[in-house]
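First comes the structure, then the notes that go with it.
Just so it is clear, none of the values below were taken in a lab; they were calculated from the coordinates. What you see is a predicted model; the values in this text were computed from it and never measured. Cβ atoms come from the backbone with ideal geometry, glycine included; neighbour counts cover every protein chain shown.
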Amino acid sequence: MWNKRESPLRIEKRFEFEEYSKISKFMGKVEKLCKEKDIFPNISFGKNFVSLSVFLDSKEISSKEKDFSKDIDKFYLED
């Protein structure tokens, strides 16, 4: 589940990985989706995690942002 945060308004989620090599594959899929959807989240990662923060233009999460987050979740579950 993505968490909605205030100040600044955003949704965010942390994804955990057992192997660093899976992070690279996941990030490749995220990069392609970002270009397709024209959404560019802040991304941080380490040895076993990737964190994404999508900053919102309004108080409500748009359908574009909802679809983006659902696609990211699918990528994570595929690995």
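Which condition from (1) at negative phi; (2) outside any helix (DSSP H, G or I) is the one that Glu31 breaks?
Going through (1) at negative phi; (2) outside any helix (DSSP H, G or I) one by one, Glu31 breaks only (2).
Please name all residue pairs, on different chains or six or more residues apart, with Cβ atoms under 6 Å, provided the first residue is in region 24-35 and is free of Cβ contacts under 8 Å to residues at least 60 places away in the same chain and the second residue is loosely packed, with under 12 Cβ neighbours inside 10 Å.
Pairs that qualify, where the first residue is free of Cβ contacts under 8 Å to residues at least 60 places away in the same chain and the partner is loosely packed, with under 12 Cβ neighbours inside 10 Å, are Cys34/Phe40.
When only residues in region 32-72 that are acidic (Asp, Glu) and surrounded by 14 or more Cβ atoms within 10 Å (Cβ to Cβ) count, which is farthest from Phe17 (Cα to Cα)?
If we take residues in region 32-72 being acidic (Asp, Glu) and surrounded by 14 or more Cβ atoms within 10 Å (Cβ to Cβ), then Glu65 is farthest from Phe17 (Cα to Cα).
When residues of region 42-71 are filtered for being within 15 Å of Phe26 (Cβ to Cβ), out of contact with any Phe, Trp or Tyr (no Cβ under 8 Å at 6 or more places or on another chain) and either in contact (Cβ under 8 Å) with a residue 24 or more places away in the chain or part of a strand (DSSP E or B) (or both), how many remain?
Qualifying residue count, region 42-71: 5.
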